[in-house]
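Asks: Here it is, the structure in full.
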Amino acid sequence: MSPIADMTEPAPVCAPLADAGGAPPPLAPPAGGGEKGRAGAVLEVDLRAVVANWRTLAARHPSGPVAGVVKADAYGLGATAVAPALAAAGCRHFFVAALDEALALRPRLAKAMLAVLGGPLPGTEADHLAHDVTPVLNSLAEIDAWAALARRAGRALPALLHVDTGMARLGLDPPALAVLRDDPARLGGIDLRYVMTHLVSAECAADPLNAAQARRFADACALLPPAPRSFANSSGIFLGAAFGSDLARPGAALWGINPTPEQPNPMHPVVRLRARVLAVREIGPGESVGYDATFTATRPSRIATAAIGYADGWRRALSNCGTVIFDGAPVPLVGRVSMDLTTFDATDQPGIVPGAWLDLIGPGQDVDAVATAAGTNGYEVLTALGPRVQRVYAPA
Ligand SMILES: *Cc1c(COP(=O)(O)O)cnc(C)c1O
């Protein structure tokens with residue numbers, strides 16, 4: 001048994017990490033490496049892999065084109081770099097959550113549809129129109145406001161219509177749909193680009209909710225004027241032809257998150273997160289590491305301190321639990337993850353010296369494995385990465 005287990009608090013339960021699968025490629029210093037090499041943590045984003053993933057999804061969705069969902073700064077990867085790369089590859093439809101995200105992207109996405117999932121906040125309709133941003137209309141009030149703007153503009157204005165088929169967050173509910181069925185003129189002046197809905201549980205292929213939502217969506221569309229449809233998210237694309245539509249809306253799978261968690265990941269890895277070792281010190285048996293002394297050495301140990309912490313999105317739940325990779329081998333995270341720093345037991349890896357780079361996400365440990373260890377999902381791991389983490393892009 002591990003001597004460490006004797007002397008620490010009850011060992012946190014961690015999911016096993018992905019097998020390193022042999023030695024990863026040699027560690028090159030991250031391209032860029034921060035302005036004048038100052039960055040303590042770097043997220044490398046492979047834009048070629050993003051484009052390859054988009055093409056993989058397009059091949060899996062023959063019923064219609066595939067959009068790019070680039071909300072939350074493209075899930076933390078950097079929307080102003082990622083979205084133009086997708087556009088250059090032929091992506092013509094983009095979704096963000098909020099108007100400000102759309103305004104930041106609009107100049108870089110000439111001609112593409114740029115839609116705001118959160119709907120137009122009252123008073124922002126004219127801003128949407130002025131910047132060629134397409135609202136997703138989620139309620140009768142939003143429909144009325146957009147139709148009123150169309151009357152003032154004297155022409156039909158494009159919009160998507162969101163139908164709630166089970167998520168119970170945004171979108172038209174059955175009573176609102178009945179109103180539109182009885183009064184289709186309420187949609188007058190609205191150029192209905194797509195009617196859309198969103199899957200609740202698409203990553204669980206066997207969940208009966210998937211088929212129920214497909215049925216409810218078809219029923220809802222039958223009540224509305226004929227319009228193209230938009231249905232599947234990343235995981236929905238893998239549910240089969242019944243979930244195909246005129247426009248798929250994947251986000252996560254584009255960035256390499258596994259859309260089929262019950263099966264091997266069909267996507268290319270996109271991100272590599274690395275952090276630099278700031279210091280290495282030797283401690284003796286009985287000495288503790290970090291806040292609250294949650295780790296105590298049981299042997300003469302080398303403790304490496306790396307420049308990443310929970311303020312960077314490297315989650316505190318990984319305290320005494322996470323692993324990173326150095327030279328193809330796992331390095332255990334010991335002690336609490338603190339705001340700006342994380343400590344590792346480098347005793348068995350003499351190559352870990354100040355200035356060395358540790359692989360936090362990448363070969364040997366993908367984003368889903370980190371998420372499992374932290375008790376969350378890959379979406380949260382990526383979107384949590386903060387602004388101190390320098391984004392570096394390998395070109396498409
Ligand atoms: C976030 C989001 C998506 C993309 O979902 P993924 O699971 O990341 O592919 C699609 N549609 C809506 C409405 C969303 O909010």
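Asks: Considering only residues that are farther than 19 Å from Ala394 by Cα and under 15 Å from the mean Cα position of the chain (by Cα), which ones fall in segment 69-100?
Replies: Matches in segment 69-100: Val69, Lys71, Ala72, Phe94, Phe95, Val96, Ala97.
Asks: Would you be able to tell me the number of residues in segment 343-365 that are closer than 30 Å to Pro264 by Cα and out of contact with any helix residue (DSSP H, G or I) (no Cβ under 8 Å at 6 or more places or on another chain)?
Replies: First, the residues of segment 343-365 that are closer than 30 Å to Pro264 by Cα: 344, 357-365.
In the following step, the residues that additionally are out of contact with any helix residue (DSSP H, G or I) (no Cβ under 8 Å at 6 or more places or on another chain) were identified as 344, 357-359, 362-365.
The number of residues fulfilling the criteria is 8.
Asks: Another question, if that's okay. Does segment 262-282 contain at least one residue that is in contact (Cβ under 8 Å) with a residue 40 or more places away in the chain, in contact with a Ser or Thr (Cβ under 7 Å, 6 or more places away or on another chain), over 30 Å from Gly386 (Cβ atoms) and part of a loop (DSSP other than H, G, I, E, B)?
Replies: no
Asks: Picking from Gly236, Gly240, Gly251, which residue would you name as being more than 13 Å from the ligand (Cβ to nearest atom), at pLDDT 95 or above and not acidic (Asp, Glu)?
Replies: On the way: Gly236 fails: more than 13 Å from the ligand (Cβ to nearest atom); Gly251 fails: more than 13 Å from the ligand (Cβ to nearest atom).
Within the list Gly236, Gly240, Gly251, the selection yields Gly240.
Asks: Looking at segment 149-160, I want the residues that are assigned by TED's automatic domain parsing to the domain that holds Leu121 and have a partner that is part of a strand (DSSP E or B) and among the small types (Gly, Ala, Ser) with Cβ atoms under 6 Å, at least 6 apart or on another chain. Which pairs are those?
Replies: Within 6 Å, the pairs are Leu160/Ala115.
Asks: Can you tell me which residue in segment 41-64 is nearest to the ligand (Cβ to nearest atom), limited to those that are of a type in the set (Gly, Ala, Ser) and either over 28 Å from Ala242 (Cα atoms) or touching a residue at least 12 places away in the same chain (Cβ under 8 Å) (or both)? It would help to see each step written out before you state the result.
Replies: Looking only at segment 41-64, we keep the residues that are of a type in the set (Gly, Ala, Ser), and these are 41, 49, 52, 58-59, 63-64.
Among the residues that remain, those that are also either over 28 Å from Ala242 (Cα atoms) or touching a residue at least 12 places away in the same chain (Cβ under 8 Å) (or both) are: 41, 49, 52, 63-64.
Values: Ala41: 24, Ala49: 16, Ala52: 16, Ser63: 16, Gly64: 14 Å.
Applying the filter and picking the extreme gives Gly64.
Asks: Please verify whether Leu333 is modelled with pLDDT of 95 or more, away from the ligand (no atom under 16 Å from the Cβ) and in contact with a Cys (Cβ under 7 Å, 6 or more places away or on another chain), treating the condition exactly as stated.
Replies: Working: modelled with pLDDT of 95 or more: yes; away from the ligand (no atom under 16 Å from the Cβ): yes; in contact with a Cys (Cβ under 7 Å, 6 or more places away or on another chain): yes.
Here the answer is yes, as Leu333 does meet what is asked.
Asks: Same structure, new question: When you scan segment 234-259, how many residues do you find that are in a loop (DSSP other than H, G, I, E, B) and either of a type in the set (D, E, K, R) or in contact with an Asp or Glu (Cβ under 9 Å, 6 or more places away or on another chain) (or both)? Step through it out loud before you land on a result.
Replies: Applying the first criterion (in a loop (DSSP other than H, G, I, E, B)) to segment 234-259 yields 234, 240, 244-246, 249-251, 256-259.
Imposing the further condition that a residue be either of a type in the set (D, E, K, R) or in contact with an Asp or Glu (Cβ under 9 Å, 6 or more places away or on another chain) (or both) reduces the set to 234, 246, 249, 256-259.
Residues in segment 234-259 being in a loop (DSSP other than H, G, I, E, B) and either of a type in the set (D, E, K, R) or in contact with an Asp or Glu (Cβ under 9 Å, 6 or more places away or on another chain) (or both): 7 in total.
Asks: Which count do you get for residues in segment 75-85 that are within 16 Å of the ligand (Cβ to nearest atom) and within 20 Å of Ala248 (Cβ to Cβ)?
Replies: Final tally of qualifying residues: 5.
Asks: So which residues in segment 321-349 are in a loop (DSSP other than H, G, I, E, B), in contact with a strand residue (DSSP E or B) (Cβ under 6 Å, 6 or more places away or on another chain) and closer than 20 Å to Asp292 by Cα, if there are any at all? Show your work before the answer.
Replies: So the first thing to find is which residues in segment 321-349 are in a loop (DSSP other than H, G, I, E, B), and the list is 321-322, 327-328, 334-341, 346-349.
The next check asks that each one be in contact with a strand residue (DSSP E or B) (Cβ under 6 Å, 6 or more places away or on another chain); those that pass are 322, 334-335, 341, 346-347, 349.
Result: Gly322, Val334, Gly335, Leu341.
Asks: Being within 13 Å of the ligand (Cβ to nearest atom) and either in the same structural domain as Asn377 (by TED's automatic domain parsing) or over 18 Å from Leu161 (Cα atoms) (or both) narrows it down to one of Ala72, Ala88, Ala67, so name that one. Working first, answer last.
Replies: Working: Ala88 fails: within 13 Å of the ligand (Cβ to nearest atom); Ala67 fails: either in the same structural domain as Asn377 (by TED's automatic domain parsing) or over 18 Å from Leu161 (Cα atoms) (or both).
None of the others qualify; the one that does is Ala72.
Asks: Just the residues that are within 16 Å of the ligand (Cβ to nearest atom) and of a type outside the set (A, V, I, L, M, F, W, C), please, taken from segment 264-278.
Replies: Kept after step one, since they are within 16 Å of the ligand (Cβ to nearest atom), are these residues of segment 264-278: 265-268, 270-271.
Matches in segment 264-278: Asn265, Pro266, His268.
Asks: Moving to a separate point now. Residues of segment 311-342 being within 16 Å of Trp357 (Cα to Cα) and hydrophobic (A, V, I, L, M, F, W, C), which ones?
Replies: Within segment 311-342, Trp314, Val324, Ile325, Phe326, Ala329, Val331, Leu333, Leu341 qualify.
Asks: Which members of segment 283-320 meet the condition of being assigned to a loop (DSSP other than H, G, I, E, B) and either touching a helix residue (DSSP H, G or I) at 6+ places or on another chain (Cβ under 7 Å) or within 20 Å of Gly76 (Cα to Cα) (or both)? Spell out the reasoning first.
Replies: Of the residues in segment 283-320, the ones assigned to a loop (DSSP other than H, G, I, E, B) are 284-287, 290, 294, 297-300, 307-309, 313-315, 319-320.
Across segment 283-320, the qualifying residues are Thr298, Arg299, Ala307, Ile308, Gly309, Gly313, Trp314, Arg315.
Asks: Looking at (1) touching a residue at least 60 places away in the same chain (Cβ under 8 Å); (2) more than 20 Å from Val270 (Cα to Cα); (3) of a type in the set (Asp, Glu), which one does Glu101 not meet, given that it meets all the others?
Replies: Here Glu101 meets the rest and fails (1).
Asks: Residue check: is Thr383 closer than 23 Å to Asp73 by Cα, assigned to a loop (DSSP other than H, G, I, E, B) and within 16 Å of the ligand (Cβ to nearest atom)? Lay out the reasoning, then the answer.
Replies: On the way: closer than 23 Å to Asp73 by Cα: yes; assigned to a loop (DSSP other than H, G, I, E, B): no; within 16 Å of the ligand (Cβ to nearest atom): yes.
So Thr383 fails the test.
Asks: Suppose we filter segment 213-233 for residues that are assigned to a helix (DSSP H, G or I), within 15 Å of the ligand (Cβ to nearest atom) and either not hydrophobic (A, V, I, L, M, F, W, C) or not assigned by TED's automatic domain parsing to the domain that holds Leu192 (or both); how many remain?
Replies: 1
The values are calculated or read from the model by the stated rules, or taken from the named source; none is laboratory data. Note that this is a predicted model, so its numbers are computed, not measured. As a convention, Cβ positions derive from the backbone with ideal geometry for all residues, glycine included, and neighbour counts pool all protein chains shown.
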